[in-house]
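Novice: I'd like to ask some things about the structure below.
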Amino acid sequence: MRTNSQHLFRDNNLSRDSLIIGLSLPYHILHYLLPYTPQEGQENMRIPRIYHPELLSSNTEIYLSDEAANHVGRVLRMSHGQQLQLFDGSNQIFNAQITEASKKSVKVHISNSELADNESPLNLHLGQVISRGEKMEFTIQKSVELGVNVITPLISERCGVKLDGERLAKKLQQWQKIAIAACEQCCRNRIPEIRPVMQLEHWCAEDDGSLKLNLHPRASQSINTLPLPVEKVRLLIGPEGGLSIDEIAMTANYQFTDILLGPRVLRTETTALTAITALQVRFGDLG
């Protein structure tokens with residue numbers, strides 16, 4: 001441990017107090033607290049991916065957005081000459097090199113771009129009744145990693161979350177940032193849309209040609225028995241207390257198919273991820 005501690009002190013200018021705190025943190029958190037310092041021979045193994053909110057083009061120089069510049073300059077402590085990979089949601093990646101870097105701004109030169117399509121052939125729209133605490137954030141993050149294209153937060157009879165206009169606007173911004181960060185991590189180059197919050201029935205009434213699915217503990221069908229092929233799915237996930245009897249009847253009126261995941265009762269966040277994974281295995285690009 002002494003050797004490792006000395007290495008951290010020497011290379012990263014950490015105090016002993018910060019090291020003691022750091023050793024108690026999970027690696028995936030500690031990883032983001034330490035500066036970006038690729039080891040010899042590993043320069044191309046972990047080039048940070050950064051989302052840029054405007055369309056990019058090759059052979060240009062741009063300043064990163066304030067948020068991205070803060071992450072690159074202050075958090076990762078990257079400097080002149082180091083490499084970045086940018087993406088703008090157009091399903092391309094842009095190779096870039098830092099030409100100027102400070103704690104407030106980062107300028108990069110974009111050398112070239114290439115198509116990088118990591119999207120599933122299954123277009124998946126998740127309608128998730130808003131869950132309490134960090135459960136909603138967790139569901140959004142993992143759903144994006146699993147390939148969901150659109151997420152609509154929903155309000156139902158048993159939804160336990162009450163948000164006013166200002167708090168709701170902040171939540172939507174936060175959820176979109178979580179989706180962007182998930183894309184940076186999982187190498188998706190299109191940003192899923194986080195739609196405004198809707199009432200459950202209004203969302204169910206929408207018709208875009210998708211197969212509409214609702215999870216029900218007494219359903220006779222499972223995902224594996226759904227007929228092929230399927231290219232678009234609209235998946236409804238209810239609140240912790242489940243949908244009311246009237247709401248279940250309403251989904252049937254809007255041509256939702258009831259499906260069963262299995263014999264066990266799952267929490268709402270577990271249900272979403274289990275169903276998405278099963279759908280991607282059956283109709284998408286997993287497995």
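Novice: Here is a list of conditions, (1) open to solvent by 60 Å² or more (accessible area, probe 1.4 Å); (2) touching a Pro at 6+ places or on another chain (Cβ under 8 Å), and ARG264 meets all of them except one; can you say which number that is?
Specialist: The failed condition is (2).
Novice: While we're looking at this one, here's another question. Among the residues of the range 99-115 satisfying the criterion of being exposed (fewer than 14 other Cβ atoms within 10 Å of the Cβ) and touching a residue at least 40 places away in the same chain (Cβ under 8 Å), which is nearest to LEU76 (Cα to Cα)?
Specialist: Restricting to residues being exposed (fewer than 14 other Cβ atoms within 10 Å of the Cβ) and touching a residue at least 40 places away in the same chain (Cβ under 8 Å), the top hit is SER111.
Novice: Mind telling me which of the residues LEU124, LEU168 ends up being of a type in the set (A, V, I, L, M) and crowded, with 19+ Cβ neighbours inside 10 Å? If you could, list the steps in order and put the result at the bottom.
Specialist: Numbers: LEU168 fails: crowded, with 19+ Cβ neighbours inside 10 Å.
None of the other options fit; the residue is LEU124.
Novice: Whether any residue in the range 239-256 is surrounded by fewer than 14 Cβ atoms within 10 Å (Cβ to Cβ), closer than 19 Å to GLU157 by Cα and touching a strand residue (DSSP E or B) at 6+ places or on another chain (Cβ under 6 Å) is what I want to check.
Specialist: no
Novice: What number of residues within the range 218-250 satisfy the criterion of being free of Cβ contacts under 8 Å to residues at least 12 places away in the same chain and part of a strand (DSSP E or B)?
Specialist: In the first step, residues of the range 218-250 are kept if they are free of Cβ contacts under 8 Å to residues at least 12 places away in the same chain; the result is 225, 227, 245, 249.
Narrowing further to those that are part of a strand (DSSP E or B): none.
Adding up the residues that qualify gives 0.
Novice: Quick one: would you say SER143 is of a type in the set (Ser, Thr, Tyr), modelled with pLDDT of 95 or more and in a helix (DSSP H, G or I)?
Specialist: Numbers: of a type in the set (Ser, Thr, Tyr): yes; modelled with pLDDT of 95 or more: yes; in a helix (DSSP H, G or I): yes.
Taking the combined requirement at face value, the residue satisfies it.
Novice: Go through (1) touching a residue at least 12 places away in the same chain (Cβ under 8 Å); (2) surrounded by fewer than 16 Cβ atoms within 10 Å (Cβ to Cβ); (3) in a helix (DSSP H, G or I) and name the single condition GLN173 misses.
Specialist: (1)
The values are calculated or read from the model by the stated rules, or taken from the named source; none is laboratory data. Everything quoted here is computed from the prediction, not taken from an experiment. Using ideal geometry, Cβ is built from the backbone for each residue, glycine included, and neighbour counts are taken over all protein chains shown. Accessible surface areas use protein heavy atoms only, side chains included; no ligands, DNA or RNA. Shrake-Rupley method; radii C 1.70, N 1.55, O 1.52, S 1.80 Å.
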